[in-house]
Amino acid sequence: MLENGIIEHCAPTLAGLKTANMFNYKFSSIDDLFKQLQEENQKLNEKGVYIEVLKIKHSRALVYVYRKKMLEADLKREGTVQLLLNHGYEDNGEAKCIEQLKQRLAEYDCFPHEIGLFLGYPLEDVIGFMEHGGKNCKCCGLWKVYGDECETRKLFERFKKCTKVYCRVFAEGRNIAQMTVAA
């Protein structure tokens, strides 16, 4: 069930702590996948959370869950605009950038390095990853850290705690709309 995957992998986004998360979702039929996406978007869009498929390969979908306003702000940050331009993004509008990210994902079997910007990773960590080829990081958690290790470790713990609480509360019967913080 798509909703279970959203809770398990995207709780920090639902809680408003993180711009976005993504996860792989195995589906049985493409029609069912898009029906579930539509149902979840109906529940969450009014709270500022949107769900899209970034890529489909065989019976797996790369599902992207994001807070539209947070993503818009992230993509307009100093340094981010230039990095995206350097990687072929023509516009820093959220919708256009997501479409360009989908195109880049379709072109490659691996993730383009700038994807971290779409997930709310700090710019210095995205740049550090690119410059060091994923090596020589200070620590590794949800992403590889090249900047402020101490603050990022605290952030990782907040995300982990949030996910644990959301999974427990969901299992106890609270629904996804109730658990999603409004923007």
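What to note about this one:
- In segment 115-145, the residues that are assigned to a loop (DSSP other than H, G, I, E, B) and touching a strand residue (DSSP E or B) at 6+ places or on another chain (Cβ under 7 Å): LEU119, GLY120, GLY134, CYS137, LYS138
- Residues of segment 120-141 satisfying the condition of being of a type in the set (A, V, I, L, M) and in contact with a helix residue (DSSP H, G or I) (Cβ under 8 Å, 6 or more places away or on another chain): LEU123, VAL126, ILE127
- Residue count for segment 74-90, restricted to those that are closer than 26 Å to GLY16 by Cβ and either outside any helix (DSSP H, G or I) or in contact (Cβ under 8 Å) with a residue 60 or more places away in the chain (or both): 5
- Candidate set: segment 81-94, residues that are more than 13 Å from VAL126 (Cβ to Cβ) and exposed (fewer than 13 other Cβ atoms within 10 Å of the Cβ); chosen: the one modelled with the lowest pLDDT: GLU90
- Residue identified as touching a residue at least 60 places away in the same chain (Cβ under 8 Å), more than 18 Å from the chain's Cα centre (by Cα) and surrounded by 15 or more Cβ atoms within 10 Å (Cβ to Cβ) among PHE159, PHE170, PHE118: PHE170
- Close pairs from segment 11-37: first touching a residue at least 60 places away in the same chain (Cβ under 8 Å) and farther than 14 Å from VAL181 by Cβ, partner among the aliphatic types (A, V, I, L, M) and in a helix (DSSP H, G or I), Cβ under 7 Å, at least 6 apart: ALA20/LEU71
- From the list LYS96, LYS55, LYS43, LYS35, the one residue that fits, being of a type outside the set (Ser, Thr, Tyr), in contact with a helix residue (DSSP H, G or I) (Cβ under 9 Å, 6 or more places away or on another chain) and assigned to a helix (DSSP H, G or I), is LYS43.
- When GLN42 is tested against the conditions (1) over 20 Å from GLN178 (Cβ atoms); (2) out of contact with any Leu (no Cβ under 7 Å at 6 or more places or on another chain); (3) surrounded by fewer than 17 Cβ atoms within 10 Å (Cβ to Cβ); (4) not aliphatic (A, V, I, L, M), the lone failure is (1).
- Among the candidates LEU117, LEU101, the residue that is within 21 Å of GLY16 (Cα to Cα) and aliphatic (A, V, I, L, M) is uniquely LEU117.
- Some residue of segment 34-48 being aliphatic (A, V, I, L, M) and more than 23 Å from GLY128 (Cα to Cα): yes
- Count of segment 9-32 residues, restricted to those that are loosely packed, with under 14 Cβ neighbours inside 10 Å and assigned to a helix (DSSP H, G or I), is 3.
The values are calculated or read from the model by the stated rules, or taken from the named source; none is laboratory data. Since this is a predicted model, take the numbers as computed values, not measurements. Note that we place each Cβ from the backbone using ideal geometry, even for glycine, and neighbour counts take in every protein chain shown.
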